[in-house]
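Worksheet: the structure to be examined is printed underneath.
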Amino acid sequence: TEHMLLYAGSPTELWLDVQVSSLCPRYPYLPHTLPSWIETLMQYILSFSLAFCLLNALPAYYLDGDLAFKLLITAVEQRTRVARATECNILASADSKPLYKKELADSGTEEPVELSRGGQMVYTAVTALTTALLGWCIVGSVLLLAL
């Protein structure tokens with residue numbers, strides 16, 4: 001059946017107040033707004049999951065980003081070491097022994113390589129700074145909620 005409705009008023013009020021949907025509940029005890037509630041719930045779950053994912057990826061102590069950042073620095077140092085060793089081997093004469101042969105052989109191993117002093121300083125500075133900033137954000141949020 002068709003229903004006709006005549007409305008005299010502002011179209012913006014009508015747009016904000018009325019919801020039209022082709023969905024109707026199969027059972028009379030279910031609310032007709034259930035699909036929009038489920039959609040909103042899924043949007044919140046997605047938002048919180050992405051927020052926790054990004055928060056966990058920060059290079060702060062006790063988060064996964066801490067280890068990922070350390071591995072990134074290790075990979076960059078290892079790649080730099082291999083590039084230097086390759087450059088030295090190319091510059092070495094054919095009859096001389098390559099300078100960094102052991103380092104080239106060890107570059108493909110699965111064992112973790114310790115950070116150099118400079119790498120350790122970068123790692124410590126970035127991780128400590130991020131941890132402090134994250135801590136201040138959490139403390140500020142708690143204080144704002146308390147007020």
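Any idea what % of Cα-Cα pairs in the range 1-90 are farther than 17 Å?
Details: 3017 of 4005 pairs.
The share of Cα pairs beyond 17 Å in the range 1-90 comes to 75 percent.
If packing is taken as the mean number of other Cβ atoms within 10 Å per residue, what is the order of 121-132, 11-22, 48-59, highest first? Walk me through the numbers on the way to the answer.
Details: 121-132: 14.3, 11-22: 8.1, 48-59: 12.5.
Descending mean neighbour count gives 121-132, 48-59, 11-22.
Bear in mind that the values in this text are calculations on the coordinates, not laboratory data. In this text, all values refer to a predicted model and were calculated from it rather than measured experimentally. Please note: Cβ atoms are built from the backbone with ideal geometry, for glycine as well, and neighbour counts cover all protein chains shown.
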